[in-house]
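The values are calculated or read from the model by the stated rules, or taken from the named source; none is laboratory data. All figures in this text were calculated on a predicted structure; none of them were measured in a lab. Heads up, the Cβs are rebuilt from the backbone with ideal geometry, glycines too, and the neighbour counts pull from every protein chain shown.
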Amino acid sequence: MSEKATEQEIAHVIERIREAGYQPHVTRGTERTIVAAVGSGGRRHEIEALSVAPGVEAVVPIAQPFKLVSRQTRPERSVVEVGGVRIGGEAVVVIAGPCSVESREQLFATATAVKKAGATMLRGGAYKPRTSPYDFQGLGIEALKILSEARQDTGLPVVTEVMSTEDVDVICEHVDMLQVGARNMQNFA
């Protein structure tokens, strides 16, 4: 949208996006508002025709599969603070640690080593998905407690992967950041 677009003009574009078969996603920046048309199978020509609508600065097709986080959709930098560490700011954040928390000794040795090497956050898997039910599945809650102890000992904020929505509350009691892996970004229901 143009810098001087009115709320009425923005609302009109949102409605036209819906009518064309897309889901509107509005991002309000400091200088302008971006209205993204999200989805596939809609009537693309109707979206392209919005380029002449009042208040529209330009219609920009975004080819990346990650439209909502693309710099074309949102050029401003996102900064999130986790346990006192700013992610997305000027400094590089290194999150390091073992794939799986296997013991207190293993995690503490790893935490000490990654901190000494310059890591700013510690990660470790508490729950591990396996193809066989007989393989190691992770220490679960015990691993979360060990991660919490390692945070107290090293001062490093801790991260672990969430495997199931049922685990979110208990994980939040022990860690600073939840990791959602690629395999869990899909809805298989």
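Among the residues of the range 106-160, those that are charged (D, E, K, R), over 17 Å from V175 (Cβ atoms) and either surrounded by 15 or more Cβ atoms within 10 Å (Cβ to Cβ) or at pLDDT below 95 (or both) comprise R130, D135. Just to be sure, is D176 of a type in the set (D, E) and surrounded by 14 or more Cβ atoms within 10 Å (Cβ to Cβ)? Answer is yes for this residue. Taken together, the residues in the range 26-45 that are farther than 13 Å from V59 by Cβ and not in a loop (DSSP other than H, G, I, E, B) amount to 5. Looking at the range 51-61, can you tell me whether even one residue there is exposed (fewer than 15 other Cβ atoms within 10 Å of the Cβ), of a type in the set (A, V, I, L, M, F, W, C), assigned to a helix (DSSP H, G or I) and within 20 Å of the chain's Cα centre (by Cα)? No, that holds for no residue.
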